[in-house]
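Student: Here's a structure for you.
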Amino acid sequence: MLESKITQLTVRDVRFPTSLEQHGSDAMHTDPDYSVAYVVLETDSDAALKGYGLTFTVGRGTEIVVCAVKALSTLVVGKTLKEIISDFRGFYRLLSSDGQMRWVGPEKGVIQLATAAILNAVWDLWARVEGKPLWKLLVDMDPAKLISCIDFRYITDALTEQEALDILVKAKKGQKSREEQMLKEGYPAYTTSCAWLGYTDQQLTQLCSEALAQGWTKFKVKVGADLQDDIRRCSLIRKLIGPNNTLMIDANQRWDVNEAITWVTKLAEFHPLWIEEPTCPDDVLGHASISKALAPLGIGVATGEQCHNRVMFKQFLQASALQFVQIDSCRVGSVNENLAIILMAAKFNVPVCPHAGGVGLCELVQHLILFDYVSVSASLNNRMCEYVDHLHEHFKSPTIIRNAHYIPPKDSGYSCEMLEESVQKHQYPQGEVWRAIEQQGKQ
Ligand SMILES: C[C@H](O)[C@@H](O)[C@@H](O)[C@H](O)C(=O)O
Ligand SMILES: [Mg+2]
């Protein structure tokens with residue numbers, strides 16, 4: 001089936017009206033409608049083989065990503081899977097460095113989100129052909145083959161191909177038992193679903209109590225809009241979870257550098273493990289200053305959900321500007337680029353704690369963090385994967401959480417195939433969900 005040719009790419013604008021109940025809200029994204037540009041790759045295979053991919057967005061603007069996916073589609077339609085994976089690095093470059101299209105990037109913004117959607121679908125297709133979930137395809141892959149999927153351009157000053165290969169070869173030791181451990185226990189997760197910024201104290205208390213009863217021990221709270229609110233909310237949640245559970249805070253880029261330091265210092269009494277996205281996501285040196293100032297308080301800096309490519313991560317690592325690397329399955333160039341980031345994090349000995357606050361992100365990124373543990377970092381120290389409890393019912397193979405751990409997916413592929421009925425209902429603007437909302441607005 002590797003010979004299957006990709007005959008068509010379809011892309012749809014699918015949105016969920018999460019802003020109505022403030023799910024997903026933070027200090028900068030006050031009304032997010034969790035959305036995806038949803039890609040399906042059709043093939044000429046008899047076995048009705050298809051590849052499914054997506055990239056996450058938050059409502060208006062999804063149509064621009066859809067447009068960018070269409071613009072890139074000519075680069076993938078007509079290729080066989082074999083052609084792509086026999087030189088995946090070359091194919092990655094074809095998409096990310098197209099001589100005309102790169103002008104609207106390069107490797108950042110909308111075009112990078114579109115690249116992610118397409119490449120996520122290609123990886124899904126490959127894993128389906130191999131009859132494995134994506135994480136298993138990755139952990140079983142020969143290290144040299146894995147390396148051949150990565151574009152090392154611009155990062156060899158931080159990580160050479162040889163160093164990356166050495167990391168993978170070294171981590172072969174103990175791989176089998178780590179894989180068995182994951183299948184048995186799962187990968188540790190934390191929840192963000194109790195404390196979105198738009199939730200009331202009452203909601204926060206109820207959701208947090210329920211989560212504690214379900215076995216959650218690590219919680220993230222949104223902060224950054226109003227200091228007094230933050231003090232009240234953090235104090236509330238710290239009381240609920242007790243001194244031994246873990247608390248993280250997330251400002252979604254709200255502050256200037258000095259403001260971040262002052263603000264977080266005032267929240268230090270609640271002992272957050274990290275402050276996430278304290279300032280502009282592109283400000284490497286700003287993050288380094290914040291890291292330095294907060295280190296004596298025992299608070300680390302986490303970032304990555306809007307870190308648009310491997311070069312940004314390289315600089316953050318080189319400048320000791322973050323203490324937690326938050327990879328994102330859709331922000332950068334899919335698995336190919338995330339492999340580079342995971343390997344750089346290993347070289348710099350910084351834990352990877354993926355971002356998953358969105359629709360479909362939990363489904364996707366669980367594969368990458370399983371790969372990180374089994375085949376790269378071999379450590380769970382200071383590591384956990386984000387989980388948000390929204391919209392999983394729209395997926396064919398939704399995430400499975402047991403005792404606050406991600407249980408490794410078993411179905412073939414990259415877990416982002418959506419239920420066709422859900423796609424049709426939520427397609428923007430013609431799906432019935434959006435037509436009903438429009439109707440109500442008119443009344
Ligand atoms: C708009 C989104 O919900 C963000 O608030 C979310 O991704 C968040 O930053 C997170 O870390 O989960
Ligand atoms: Mg965040």
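The values are calculated or read from the model by the stated rules, or taken from the named source; none is laboratory data. This one's a predicted model, so the numbers in the text were calculated from it and none came from an experiment. For neighbour counting, all protein chains shown are included, and Cβ atoms are generated from backbone atoms with ideal geometry for every residue, glycine included.
Student: Would it be correct to say that N382 is more than 16 Å from ligand 1 (Cβ to nearest atom) and in a helix (DSSP H, G or I)?
Tutor: Answer is no for this residue.
Student: Working carefully through the options A37, A68, A27, find the one that is within 30 Å of R254 (Cβ to Cβ), within 16 Å of ligand 2 (Cβ to nearest atom) and not basic (K, R).
Tutor: None of the others qualify; the one that does is A27.
Student: Return a yes/no flag: does the range 342-353 have any residue that is crowded, with 24+ Cβ neighbours inside 10 Å and assigned to a loop (DSSP other than H, G, I, E, B).
Tutor: yes
Student: Now a separate question. Out of all the residues in the range 412-443, which are part of a loop (DSSP other than H, G, I, E, B) and surrounded by 15 or more Cβ atoms within 10 Å (Cβ to Cβ)?
Tutor: Narrowing the range 412-443 to residues part of a loop (DSSP other than H, G, I, E, B): 412, 414-417, 419, 428-431, 443.
Within the range 412-443, S412, Y414, S415, C416, E417, Y428, G431 meet the criteria.
Student: Kindly indicate which of T74, T80, T43, T18 is under 23 Å from the mean Cα position of the chain (by Cα) and of a type outside the set (A, V, I, L, M, F, W, C).
Tutor: T18
Student: Filter the range 385-403 for residues that are part of a strand (DSSP E or B) and among the aliphatic types (A, V, I, L, M); which is surrounded by the fewest Cβ atoms within 10 Å (Cβ to Cβ)?
Tutor: Residue satisfying both the conditions and the ranking: I400.
Student: Of all residues being within 17 Å of D26 (Cβ to Cβ) and more than 15 Å from ligand 1 (Cβ to nearest atom) in the range 237-264, which is surrounded by the fewest Cβ atoms within 10 Å (Cβ to Cβ)? Just the residue, please.
Tutor: Per the stated criteria, the residue is E259.
Student: Another question, if that's okay. Quick check on my filter: what residues within the range 114-125 are more than 9 Å from G413 (Cβ to Cβ) and touching a helix residue (DSSP H, G or I) at 6+ places or on another chain (Cβ under 7 Å)? Talk me through it step by step, then tell me what you get.
Tutor: Initially, the range 114-125 is screened for residues more than 9 Å from G413 (Cβ to Cβ), giving 114-122.
Selection gives A114, T115, A116, A117, I118, L119, N120, V122.
Student: Further, regarding this structure: Farther than 20 Å from N403 by Cβ and of a type in the set (S, T, N, Q): does that describe T246?
Tutor: Taking the combined requirement at face value, the residue does not satisfy it.
Student: Consider E21 against the criteria (1) surrounded by 18 or more Cβ atoms within 10 Å (Cβ to Cβ); (2) within 15 Å of ligand 1 (Cβ to nearest atom); (3) acidic (D, E): it satisfies all of them except one. Which criterion is unmet?
Tutor: Among (1) surrounded by 18 or more Cβ atoms within 10 Å (Cβ to Cβ); (2) within 15 Å of ligand 1 (Cβ to nearest atom); (3) acidic (D, E), E21 violates only (1).
Residue by residue, here is whether (1) under 21 Å from P32 (Cβ atoms); (2) within 16 Å of ligand 2 (Cβ to nearest atom) holds:
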residue	(1), (2)
S148	no, no
D151	no, no
T160	no, no
D166	no, no
S193	yes, yes
G198	yes, yes
G215	no, no
D226	yes, no
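Student: Of the residues that sit in the range 349-377 and are hydroxyl-bearing (S, T, Y) and in contact with a Leu (Cβ under 9 Å, 6 or more places away or on another chain), which one is farthest from ligand 2 (Cβ to nearest atom)?
Tutor: So, considering only residues that are hydroxyl-bearing (S, T, Y) and in contact with a Leu (Cβ under 9 Å, 6 or more places away or on another chain), the one farthest from ligand 2 (Cβ to nearest atom) is S375.
Residue-by-condition table, conditions (1) more than 21 Å from K218 (Cβ to Cβ); (2) within 14 Å of ligand 2 (Cβ to nearest atom); (3) buried (at least 22 other Cβ atoms within 10 Å of the Cβ):
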| residue | (1), (2), (3) |
| --- | --- |
| G298 | no, no, no |
| E305 | no, yes, yes |
| V311 | yes, no, no |
| Q315 | yes, no, no |
| I327 | no, yes, yes |
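Student: So which residues in the range 25-64 are surrounded by fewer than 20 Cβ atoms within 10 Å (Cβ to Cβ), aliphatic (A, V, I, L, M) and away from ligand 1 (no atom under 16 Å from the Cβ), if there are any at all?
Tutor: A47, A48, L49, I64
Student: Before we move on, is L113 aliphatic (A, V, I, L, M) and within 30 Å of Y199 (Cβ to Cβ)?
Tutor: So L113 passes the test.
Student: Suppose the filter is farther than 28 Å from E438 by Cβ, in a loop (DSSP other than H, G, I, E, B) and within 16 Å of ligand 2 (Cβ to nearest atom); does A48 pass it?
Tutor: It is false that A48 is farther than 28 Å from E438 by Cβ, in a loop (DSSP other than H, G, I, E, B) and within 16 Å of ligand 2 (Cβ to nearest atom).
Student: Any idea which of I299, I327 is of a type outside the set (S, T, Y) and within 16 Å of ligand 1 (Cβ to nearest atom)?
Tutor: Going through I299, I327 in turn, the sole match is I327.
Student: So which pairs qualify, if the first residue must be in the range 338-357 and within 16 Å of ligand 1 (Cβ to nearest atom), the second must be in a helix (DSSP H, G or I) and among the β-branched types (V, I, T), the Cβ gap must be under 7 Å, and the two must be at least 6 apart or on different chains?
Tutor: Between residues of the range 338-357 that are within 16 Å of ligand 1 (Cβ to nearest atom) and residues that are in a helix (DSSP H, G or I) and among the β-branched types (V, I, T), the close pairs are V352/I342; V352/I369; P354/V365; P354/I369; A356/V365.
Student: Being out of contact with any strand residue (DSSP E or B) (no Cβ under 7 Å at 6 or more places or on another chain), closer than 30 Å to K172 by Cβ, surrounded by 19 or more Cβ atoms within 10 Å (Cβ to Cβ) and modelled with pLDDT of 95 or more, is that true of even one residue in the range 75-84?
Tutor: yes
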